[in-house]
Amino acid sequence: MKRTMARLLTTAALAVTATAGMAEEKVVVFHFFEYMPQELIEKFTAETGIEIVMDTYDSNEAMLATLKAGAMGTYDVAVPADYMVKIMAADGMLDAIGEGELANKGNIEQQWLDVAFDQGRQYSIPYQWGSTSFAVNRDVYQGDIATTAILFDSPAELAGKVNMLDSQGEVMAMASIHMGISQCSTDRDQLKALNEMLQAAKPNWVSFNSDTAKEVLVSGDAAAGMIWNGFNAKARSEGANTEYAYPKQGYIVWMDNMALLKDAPNRANALKLMDFLLEPENVAILTNWTQYSAGVEGVTPLLDEELRTLPEANPPADAGPGVFIEACDEATQAVYDRIWTELKQ
Amino acid sequence: MAAGAAGGGVTSDTYKAARPWLLLPAWSVLALLSLAPVLMMLVYSFLTKEFRGGVIWEFSLAAYDQFFFDRGLFGDEPPKIQWTYLAIFWRSIWQAGSATLMSLLIGFPTAYFIATRPARQRPVWVFLITIPYWVNLLIRTVSMKFLLREQGPLNDFLLFTGVIDSPLQIVNTNLAVQLGLFYSYLPFMVLPIYAAVERYDFALSEAAADLYASKWTTLRRILLPAIRPGVIAGCILVFVPSLGSFLAPDLLGGARNFMIGSLIEEQFKGNAGNWPFGAATSMILLSMVLVILLLFARQQARSENRGRG
Amino acid sequence: MAQGKLDIRSYRGFRALTFLCLVILYAPLVVVTVYSFNDSNSITTWDGLSLRWYVDVFTGPESAKFKTAAVNSFVIAITAATVSTVIATLAATGMIRAGRFRLRTLSFGLISLPLMVPEIVTAVATLIFFNAIALERGLLSIVLAHIVFCIPFAYLPISARMQGIEADCEQAALDLYATRRQAFTRILLPLMTPGIVSGFLLAFIVSLDDFIITNFVKGAGVETLPTAIFGAVKRGIQPNIMAISTLLLGVSVVLVTLSYFVSKSDSPK
């Protein structure tokens, strides 16, 4: 009987390894959902013979949580946003890219090379950058939308029809912009006011959805919703009459970066993928699809004509400032975590 | 599932000598992979949380403190009762309770009807009731969402028949979650009640009828008390899994209002990243469930004794 | 049968409610099945019958992903169901054919533990445990987690069947100088076959269906059908998801029907 057990376990182990060993050369990418076109994945495999194995997440926080819950050492690269690169680097979750390990490192645009969240691009390369604010269905609401009040003090037409991103960092940053306070404020009165403002705004929200942020606008389930700029361009191309807002109070700017993870099982292949994503030709394919912006030199001439005039990619003159999300210290973050839980309870 | 004696009666002692070897695989696998994880979770609930996920191996009551006491936004006010999480638990209880009630209202007549069919037909009816349970829960929840959508078949049908003038907004409401849970676990309500009614001796009802009790009085005063354990078993089988459900609130409720399941999930895979708190919440949920099961077992034992006496 | 007796048993409206119950249970499944044959790109409009989404499932852009997920799901389900059925069969013999013993109630408690603990709690506990023992996430971690919750599902039909088999059968063999091992393998096991098959099939379906626990313990890039479907539906229900769902629905229905007839066939005297 023990022998039977042993045999069964061996069979199981064999089956397991057989399935795992199917791909000879691979790179395991932990990626934001819907963020890499199939065309590019196939092109990479065709050029290098390396297969891309992809898992997706729907917020930076969820990615961090999953990695911390024992997934380190199984993924090669992840695509954290600016503030998250800083958090992960500080936590020792990223692996430094040595000098000369990336042949195309020189292609990174100057302004994205010495960034505060990754000085000298030690751990990451630019993937895409863009903005987060919100879009409004113009069939439902025709008034002025260049204000964060659309989300936090919704006009009657939009009340009860607003979708928020299920992403603590982005919702909190947007709320801070609306209140005109700093993102990691430690001022008690400001934080109390922030909490009360969010509680008052919540009845106007129909759902917290990141992965359906675009679909709810297209289907009409929500008449306004927080969204990333490129996603709204896609929503429009799918037939939604939505307009992306650049509020006068300001909006969130982000850069997503492909970062090399510590204990990457396929480190060499990961570097090849990074080099691939620094080639202007490939970045152009990516950017034309995502409709965000690239951080690589020489991409602009290769972009689709309409991308240049895309309203989502061109903030109007009277738009407020674009700000990056800040990573707060532990004590401050605890307060923001509480506000978030109260908001979602 | 609540079938009488634990694990069925003993029929012989043929393999007495081999008993340790026969039970060893089950014992070791379950102790190692079912019991040990729960104990480990208990330990984790008393550890210190690491910033943004993970634990520090230092004893702490912070997780339970966070659950039960409100120390203000900044954690330095005198403790008050923490309503945030109790409210989430209460909402889960309410949602699961509503789903249970709905299942009972539909499930009881169904179970009764099936149990009063000719003996040869009954297995077929039971089979029909069980099939949907074996269909992937995820797929059933998705199907429910598809059916209930604003432009979905249900609204189309109701609009077409003129029952309503404008589509009902059901998805992303509490009702949608309740309907989803009701739908997920309805077979669990039917089966134990069916088993109880099948064993019921209808001579009792006939005796009541002979004494001029009305049919509904007979149902209420004679049948219901006799099949009570079955009804309670059905309610528990619907209520308990509903309580910790994750799919229905997430897919049908728009993730707008937390239930226990989503609260726990958020601690490990979402924004919060507070493992000890997630472990503590899980322990509290588990204790609640075990208390319910214990009460049920005692009640069951009592009614069995009554039956014998 | 006397008219009066029938009358006492039947209540007005119960038949209607039973049919309502069946409608509720089947309507969503029927609707999804019907719409999986929709020719339209959108799930909201009906453009006539077509098999295009089934073609899409096998050849479309996402087919590779779903194929891998399906292979994973079946490898996991077969392994978990086999192991848990073996464990459950041995345990049932130990519980039912090996006399009374002091730890019996406790043993039964342990076997049914996975049924009592809410799924989300099992998921969290397993995640924490695997993390603490630094078990690498992958197919193996999923299989281990699945074996555990499959055991009670395999145990229930197996033990029910074993109780139905008279001990005299093996006793007769023993009286004829068969060893206990022979009595077990030549007499008990063959008689047990329907129960074992039915236990295996139930364990198989339960494993194939699991989402919550798998989602917590799965590793990088290892998707099962439910996790792949969940990922896809979070982004809105697409027609190809309905086709996959219908296929999976078909597998479940076939297996349950099989299990039903196997367990019904030559029921023990």
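Any read-out appearing in this document is the output of simple, stated calculations on the displayed coordinates, not a laboratory observation. Quantities reported herein were computed from a predicted structural model and do not represent experimental measurements. Cβ: placed from backbone, ideal geometry, glycine included. Neighbour counts: every protein chain shown.
Taken over the stretch B:83-267, the ratio of Cα radius of gyration to 2.2 N^0.38 Å equals 1.19.
Here are some pairs, A:272/B:49; A:68/A:272; A:234/C:67; B:49/C:218; A:344/C:65; which of them have Cα atoms lying more than 31 Å apart in this structure? With Cα atoms farther than 31 Å apart: A:272/B:49; A:344/C:65. Note on residue B:84/residue A:24: beta-carbon distance plugged into 1/(1 + (r/R0)^6) with R0 of 51 Å gives a FRET efficiency of 0.50.
Is the shape of the stretch A:195-261 rounded, prolate or oblate, going by the alpha carbon gyration tensor and its root eigenvalues a ≥ b ≥ c, with a/c under 1.5 for rounded and a/b larger than b/c for prolate? Here the stretch A:195-261 falls in the oblate category.
For residue A:248, the residues 5 or more places off, or on other chains, whose built amide H falls under 5 Å of its own are A:147, A:148, A:320.
Look at the alpha carbon pairs under 8 Å that are at least 6 residues apart: their mean separation over the length of chain B gives a relative contact order of 25 percent. Label positions at residue A:101 and residue B:158, each projected 7 Å from the Cα along the C-beta direction, are separated by 5.8 nm.
Under a 5 Å amide H cut-off, with hydrogens placed 1.01 Å from N, residue A:51 pairs with A:25, A:26, A:27 among residues at least 5 apart or on other chains. Between amide H atoms placed 1.01 Å from N, distances below 5 Å from residue A:296 occur with A:109, all of them 5 or more places distant or on a separate chain. Per-residue 3J(HN,Hα) values for the stretch B:141-146, derived from phi via the Karplus relation 6.51 cos²θ - 1.76 cosθ + 1.60 with θ = phi - 60°, read 5, 4, 4, 4, 4, 4 Hz in sequence order (x marks Gly and Pro).
Springs between Cα atoms under 10 Å define the GNM used for chain C, and in it the highest mean-square fluctuation of C:27, C:123, C:92 occurs at C:27. Each of B:235, C:169, C:21 has some number of other Cβ atoms within 10 Å of its Cβ, and from fewest to most they run C:169, B:235, C:21. Answer rounded, prolate or oblate for chain C, using the Cα gyration tensor with square roots of eigenvalues a ≥ b ≥ c: rounded when a/c is under 1.5, else prolate when a/b is larger than b/c, else oblate. Because a/c hits 1.5 or more and a/b fails to exceed b/c, chain C counts as oblate.
A straight line joining the Cα centroids of the stretch A:88-108 and the stretch B:99-147 runs 57 Å. Ranking of C:93, B:130, B:110, C:82 by neighbouring Cβ atoms within 10 Å, starting from the fewest: B:130, C:82, C:93, B:110.
The mean count of C-beta atoms from other chains within 10 Å of the C-beta of residues in C:184-190, rounded to a whole number, is 1. The Cα trace of chain A gives Rg and Dmax of 21.6, 77 Å, the first to one decimal, the second as a whole number. The longest stretch of chain C left intact once loop-based GluC sites (Glu not before Pro) with at most 16 other Cβ atoms within 10 Å are removed from consideration, loops following DSSP, is C:1-135. With chain B treated as a Gaussian network of Cα nodes joined by springs under 10 Å, which of B:262, B:205, B:98 yields the largest mean-square fluctuation? Of the options given, B:205 has the highest mean-square fluctuation. For the stretch C:111-269, the calculated P(r) over all alpha carbon pairs, in 5 Å bins from 0 to the bin holding the longest distance, is 2, 8, 14, 14, 15, 14, 11, 9, 6, 4, 2, 1, 0, 0 percent. Legend note: in the protein assembly as shown, cysteines whose Cβ sits 4.7 Å or more from every other cysteine Cβ are B:235, C:21, C:150, C:169. Largest mean-square fluctuation among A:312, A:297, A:196, in a Gaussian network model of chain A whose springs join Cα atoms under 10 Å apart, belongs to A:196.
Rg of the Cα atoms in the protein assembly as shown, relative to 2.2 N^0.38 Å, amounts to 1.00. Summed over qualifying helices (DSSP H, 4 residues or more, each -39500 (n - 2.57)) and divided by its residue number, chain C shows a 222 nm mean residue ellipticity of -24000 deg cm²/dmol.
Calculate the length of the line joining the C-alpha centroid of the stretch C:125-160 to that of the stretch A:28-50, in whole Å. When both Cα centres are located, 32 Å separates them. Given R₀ = 51 Å, what would the calculated FRET efficiency be for residue A:122 paired with residue A:156, taking r from the Cβ atoms and rounding to 0.05? So, using R0 = 51 Å, E works out to roughly 0.50. Within the protein assembly as shown, antiparallel bridges make up roughly 65 percent of the DSSP beta bridges whose residues both belong there.
Express in whole angstrom the spacing between the alpha-carbon centres of the stretch B:174-189 and the stretch A:56-76. With the stretch B:174-189 and the stretch A:56-76 each reduced to a Cα centre, they are spaced 32 Å.
What 222 nm value per residue comes from the helices of chain B, counting each DSSP H run with n ≥ 4 as -39,500 (n - 2.57) and dividing by all residues, nearest 500 deg cm²/dmol? Helix-only estimate at 222 nm: -20500 deg cm²/dmol.
Rounded, prolate or oblate: which fits chain B when a ≥ b ≥ c are the square roots of the eigenvalues of the alpha-carbon gyration tensor, with rounded for a/c under 1.5 and prolate only if a/b beats b/c? The shape class here is oblate. Here the stretch A:127-271 is assigned +1 on the Cβ of each Lys and Arg and -1 on the Cβ of each Asp and Glu. Its dipole about the Cα centre then comes out at about 260 debye.
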